[in-house]
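**Student:** This is the structure I want to talk about, given as structure tokens.
The values are calculated or read from the model by the stated rules, or taken from the named source; none is laboratory data. If you're wondering where the values come from, they're calculated on a predicted model, not measured in any experiment. Glycine also receives a Cβ, built like all others from the backbone with ideal geometry; neighbour counts cover every protein chain displayed.
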Amino acid sequence: MEEIGPETESPHKCGERLYNPYQNLHLPAKTLYKLPTSQESLFSEEYINQRRSWGENLTFYTGCGYLAGSIAGASRGAFEGFKSIEASDTLKLKANWLLNSCGHSVLIWENRIGVIGLIYVG
């Protein structure tokens, strides 16, 4: 049985080695695929600034869009709720109209603007 050194590959079966097509080409294979791990920037000022990762941007912009959509939807729903209230309605009924219209439009607007934030990140 032949000895297995650091240059040879481990045998697949007893007495056999796996085929290495780059064995006799003497290519710098180890340095060929060494990619930089640091940030690549055109100017040094850009390298100094800390930036958020893609996941942080995804969370931030989607969350901001969702929050802005809920505020816009609540204001739109309140406007529609006040328009639909009649003078003969009781206070409970007026509050119910207002809350239902706010809740309905908040769901629509926050999802729409949250998706816009999600698309902006991509």
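**Student:** Confirm whether Glu7 is modelled with pLDDT of 85 or more and in a loop (DSSP other than H, G, I, E, B).
**Tutor:** Against the criterion (modelled with pLDDT of 85 or more and in a loop (DSSP other than H, G, I, E, B)), Glu7 does not qualify.
**Student:** Conditions: (1) small (Gly, Ala, Ser); (2) in a helix (DSSP H, G or I); (3) over 32 Å from the mean Cα position of the chain (by Cα). Gly103 meets all but one. Number of the miss?
**Tutor:** Of everything listed in (1) small (Gly, Ala, Ser); (2) in a helix (DSSP H, G or I); (3) over 32 Å from the mean Cα position of the chain (by Cα), Gly103 misses just condition (3).
**Student:** Of everything in the stretch 84-119, what is exposed (fewer than 13 other Cβ atoms within 10 Å of the Cβ) and closer than 30 Å to Glu56 by Cβ? Give them in sequence order.
**Tutor:** Result: Ile119, single match.
**Student:** On the basis of being outside any loop (DSSP other than H, G, I, E, B), over 33 Å from the mean Cα position of the chain (by Cα), surrounded by 11 or more Cβ atoms within 10 Å (Cβ to Cβ) and modelled with pLDDT under 90, does Gly81 make the cut?
**Tutor:** yes
**Student:** Gly63 fails exactly one of the following numbered conditions: (1) surrounded by 13 or more Cβ atoms within 10 Å (Cβ to Cβ); (2) at pLDDT 90 or above; (3) under 24 Å from Ile119 (Cα atoms). What is the number of that condition?
**Tutor:** (1)
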